[in-house]
Structure formats: C-alpha cells, structure tokens
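Colleague: What follows is a structure written as structure tokens; I'll ask about it next.
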C-alpha cells in the first residue's frame, strides 16, 4: 500500500470517528411551523458528520442555515430538520389512559400555564406530545399529561424551562425574536416597545388579538437590539490627557427668565438598531423636564443627539452649528466619548453630566458623575459587619464576581463557611439523625445567641430562592418550638433584584439588606405618581434607566438657575427616592455622587432606606 493510500485510509477512519462521536441534540424547537433540532457545533465536527448523525443531507442543513456559507463555527447554534423516528403514538388506548391524563387547550392558554396548572415540566409535555408547537397552541388541541410527573415541577423551574426555550429559539432565529409576555404588558405597550403597530404585532403571531394576550405567552417580535450590558463593567478605551486637570471652573447661574439650552448625548442607535435602554432614559428625561416646568416654571430647550457610541461622531456633534450656545450637557454615556465634550465644557465653563458610568480616567472640574463611587460602597457595607458572626453560604454554582467583592470587603475578619446542597423535603422524613446533618437544613446556622450575618454566594436563581426559603423555614421552626428567636440579616446581592422567580416575601422574612446605586419602591407615592405618568405617556412601565433619566433632568436643570454656582457641593437631591450627594474625591476634580442607598427589608414587611 502506498503512503498516499495509507494517509487517505487514516483520514477516512478519523472522519468516521468524528462523525460517530457527534451526539444528537435533545433540544427541539418549532420555527414557522417546522420542527428542528438545535445543535451546538463542537470543535472538529463537520457538515458531513452532522448529516450522518441526524439522517439528513448536507444540502438540507445548509438550506436551513444560510450562515453556513461561511462554514461551521465552534459553539454556534444551528438548526437541523427533525425527522420522526416513527415510535410516537404507538401506545394502546388502555396503556394511554393508564399513563396519561388528557388536557384540551382553552382560548389564549399557553404551554407555560398548562405546566403551572399540573406542576409538570415543560420538557415532559414536549417529549410526550410529538407534534406540539409550544408557541402556537390551538384551541381544543389535546395535550397528554404524564400522570407520574404531575406535581413534580416548581414555578421557578417551569419558568426557567420556558425562558430556556425562548433563548434557544432566539439563538437560531433570523428575522424575528421571541418575547415572553410579562404581567402588565399590553398589545399597545409591546407594539410601542418593538416599534411596530398593533396590527403588525398580531399578524406576526397568527392573528392574535389584544384581548387574548396572556402573561406567559411567547410572542414573535422584531429582532431589535438585545439588552445593553451593564455600564459598570465596561472599561474606557482611551486615556484622557488633554483636559485641563486642576483648573477650577466658575459656573454662572442663569436668570430665571432665560431659557436653558440642554444637549442630551445618548447612543440611541448601534448598527442601525434602536437602543431600548437609552430610549427609556430619554423618555424619563422628558418627564423630568415636565416636572421642572411645572414646579419651577423654567423653560428648557432640549436637543437629543445620537452619539452612535463613537468619539468621532461626538466630535462632529460638538462642532456643529446647532450645538453652539449649549449651557448644560448630559452625556455621553461612555467614557471613551467624553474627550471632545470635556474640552468644549472647559472652554465655555459649562457642566457635563455623566448619567450612568463610573468615570476612571477623565479628570475635570466640569464633570458631574451620577453613578456613586464604587469604593464608597465598601464603607457603607462595612458598618453592617461590626459585631456580627459572619457565615458565607455556598452552593453548586457560585457568583465569582460577588464572591471576590465580599472577600475583599471582609479582609482579615473571621467568617464561617457552609456548603448548601438542595435535598427534597421527603428525603429525611424517616431519619431524624440524617435530617440533622442535611446540607439543605440551615437550622444549625441559627441555633446560637449571636447576631448573625449571612452572605449567599450562589449565582443560580433557583438556588438563591431555595437558600432564602430554607433560612426562613429554619427561623420559623426554631421560634415555633418556643426557643429564642434567631437574630440575623442577609447581605443581598443586587443581581437578585433582576431575578423574576425569587419569592420577594423571602426578602422580608430574612431581613435582606441591599447596598445599591438605585432604588425605586413601587408603592411609594412619588414612584406611583411617576409610574402612572410614564405609563400614560409611553404605554409601558418605567425601568431603572427611566428613573435615572428623570433624576438627571430634575436635578441639573433647576440647579442651572442657582445651585450650580457653588458646584452643588454637599446638598442632597432626592427627585424620586434615590438620594444624590455630590462631592469631590481626594486628588480629583470630578464632582461625584458619594451616596449609596442601603435598602433594608424588615420582618414587618416595611422597607427602610438609608
């Protein structure tokens, strides 16, 4: 055999090995009425191997994935047409009745709602109903409900599966995205949010009517920009060496009868897509201007500029004739865009407001930063640690960023560690000794006379919810036995506020304390009034971006007529609920918000802000 023949044989062997090593995905979705596997490409996989594994031709896979003209990419999700194995539906009527209950879909009912009704995993419903399209249930459609699985799934688990299915769809969908309807959302608010008419929204979803919209439904919507990343984690791209560091500016208050010219610089678009977050900021800013006019009678001339997240574009804006005469600049958002703005502001001695970012490299007396200084957070939290017995509660999945932050905060302080592992409540019913040693029983952490502080390191939403529930249960059980009520608080991770499945009652029962850049208590009078005005104006509930936009307008526009003359130093501003206190940091010229909000959830179901 020649060397060429040997090499060719080896290649064929390896090719066959890789094809054989491919595992068929268990993830199945419906797109436009067609059923697909969603396969995540692994290193070394080939189109030939995928075709062999799934029993379809290479051409079929390519047709389903136009992006494959550029070749397979590792970790990319692709869709592969689903071929029935012919095994579904071969149960006898007797076996069918013994194994399944039957459910018939009612008007507007969703698969998520059916899952919650029977407390059964969505994955089980999909596996047992081969032709079930989760996003398009039909009125009267029969759904098989596996009897042995009834009562086995929690609300949090069902919602996670529903969201996972949505995320999987979005990973392989082209022209549309998928959105899960939240409580309070309407056809009107959704159409406004995604920039289409109510008729278009209905047409995208098989003629769905506004009156049939239900929370938990999964809708097809235009594929607009995803949620922007947290600005706090973004690093500036350029150093600032051209600002007049150390030069003190002299701001002049405007006469009360003179209009204020304001420039609002936001990255409203990126690659032609509208940024939802900054639209919400802009809308909040507009309501702030309404408040300024109503309360103070000041006239404001506002111009919105789209920076497109480009320093060059910002420079063009600053040099445009329209920008001339600007007296207050709010934005830009990102530090790499600040340089031309700061130079302009220092030249004409006008203030620049950075509304969201923590500025690390730019130094100027013209700059006001609304985001609080990160180092001030440590001082705020450190007061909670004094005199406490500290226990760090770990789970299988850890929030590494939060852990690093907390360990830095603790420094040389002593602390205990507890490794939590969830176990079903029935596991230890017959064995009290095992129950006492259970890693899901947190009673031992509370059976002391100390003032306890618990820090939960878990990153998984369900694990956080379980740990909080376990603490509350242990507290209740100890107190019910007539023993001294445990004394403890939980230092919360602000990410929990973005979780949708945590039982908020657990925050009160466990005396959770958050240290946050912003807080808006929905039932507070000021927030209720703002929410109502925002909903009436824009057809949706406000977000934290909306609140911050309002605060920026409500603080700085009136200040231009008085407080700006003394740099707003030392005065507390509370437009809604969050307080701002602007001071200079040692060695820097920037005016920085030095106030972190401490939010305490009390056992009597009240919230205290510090």
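Colleague: Report the gain in length on full extension from residue 170 to residue 63: 0.36 nm times residue separation, minus Cα-Cα distance, nm rounded to one decimal.
Modeller: Numbers: separation 107, 0.36 × 107 = 38.52 nm, distance 1.83 nm.
Difference between extended and current length: 36.7 nm.
Colleague: With labels modelled as points extended 7 Å from the Cα through the Cβ direction, what inter-label distance (nm, one decimal) is found for residue 127 paired with residue 397?
Modeller: In this crude spin-label approximation the distance works out to 2.0 nm.
Colleague: By average Cβ neighbour count within 10 Å, what is the ranking of 592-605, 353-366 from highest down?
Modeller: Details: 592-605: 17.2, 353-366: 22.1.
Ranking the peptides 592-605, 353-366 by packing returns 353-366, 592-605.
Colleague: Sorting 294, 568 on the 10 Å Cβ count, fewest up front, what's the list?
Modeller: Ranking 294, 568 by Cβ neighbours within 10 Å, fewest first, gives 294, 568.
Colleague: Just want the ordering: 303, 74, from fewest to most Cβ atoms lying within 10 Å of their own Cβ. It would help to have the intermediate numbers written out before the result.
Modeller: Numbers: 303 13, 74 10.
With the sparsest Cβ surroundings first, the list reads 74, 303.
Colleague: Along Cα→Cβ, 7 Å out, is where each label goes; now give me the distance between the ones at residue 484 and residue 533 in nm to one decimal.
Modeller: 5.1
Colleague: What do you get for the angle between helix 400-410 and the principal long axis of the chain? Use alpha-carbon atoms, 0 to 90 degrees, nearest ten.
Modeller: Around 50 degrees separate the two axes.
Colleague: How do 276-286, 39-49, 112-122 rank on mean C-beta neighbours within 10 Å, highest first?
Modeller: Working: 276-286: 22.3, 39-49: 15.7, 112-122: 20.1.
Final packing ranking: 276-286, 112-122, 39-49.
Colleague: Using just the helices of the chain, give the 222 nm mean residue ellipticity in deg cm²/dmol: DSSP H runs with n ≥ 4 each add -39,500 (n - 2.57), and the total is spread over all residues, rounded to 500. Don't skip to the answer; put the middle values down first.
Modeller: Numbers: 20 runs with 216 residues, N = 610.
After summing the helix terms and dividing by residue count, I get -10500 deg cm²/dmol.
Colleague: Then there is this: At 0.36 nm per residue, minus the direct Cα-Cα distance, what do residue 48 and residue 448 gain on full extension? Give it in nm, one decimal, please.
Modeller: Numbers: separation 400, 0.36 × 400 = 144.00 nm, distance 6.40 nm.
Result for the pair: 137.6 nm of gain on full extension.
Colleague: Angle between the Cα long axis of helix 374-385 and the longest principal axis of the chain, 0 to 90 degrees, nearest 10?
Modeller: Its long axis makes an angle of about 70 degrees.
Colleague: Oh, and also: Once the Cβ-Cβ distance between residue 423 and residue 293 is put in as r, and R0 is 56 Å, what FRET efficiency do you end up with, to the nearest 0.05? Show your work: numbers first, answer last.
Modeller: Values: r = 60 Å, r/R0 = 1.06.
Rounded to the nearest 0.05, the efficiency is 0.40.
Colleague: Sort 58, 319 so that the residue with the fewest other Cβ atoms within 10 Å of its own Cβ comes first and the one with the most comes last. Walk me through the numbers on the way to the answer.
Modeller: Values: 58 15, 319 11.
Ranking 58, 319 by Cβ neighbours within 10 Å, fewest first, gives 319, 58.
Colleague: Using 0.36 nm per residue of separation minus the Cα-Cα distance, give me the extension gain between residue 476 and residue 382 in nm, one decimal.
Modeller: Numbers: separation 94, 0.36 × 94 = 33.84 nm, distance 2.85 nm.
Stretched out fully, the residue 476 to residue 382 stretch lengthens by 31.0 nm.
Colleague: By how many degrees, between 0 and 90 and to the nearest 10, does the Cα long axis of helix 3-21 differ from the longest principal axis of the chain?
Modeller: 80
Colleague: Once you order the gyration tensor axes a ≥ b ≥ c over the Cα atoms, which shape class does the stretch 296-415 get: rounded for a/c under 1.5, otherwise prolate or oblate by comparing a/b with b/c?
Modeller: Details: a/c = 3.22, a/b = 2.54, b/c = 1.27.
Prolate, since a/c reaches 1.5 and a/b exceeds b/c.
Colleague: Which of the following values of Rg/Rh (Cα atoms, Kirkwood Rh) was calculated from the structure shown: [x] 1.05; [y] 1.02; [z] 0.97?
Modeller: [y]
Rule-based calculations on the coordinates, nothing more; no lab input. Please read these numbers as outputs of a predicted model, since none were measured by experiment. Neighbour counts run over all protein chains shown; Cβ positions are idealised from the backbone, glycine included.
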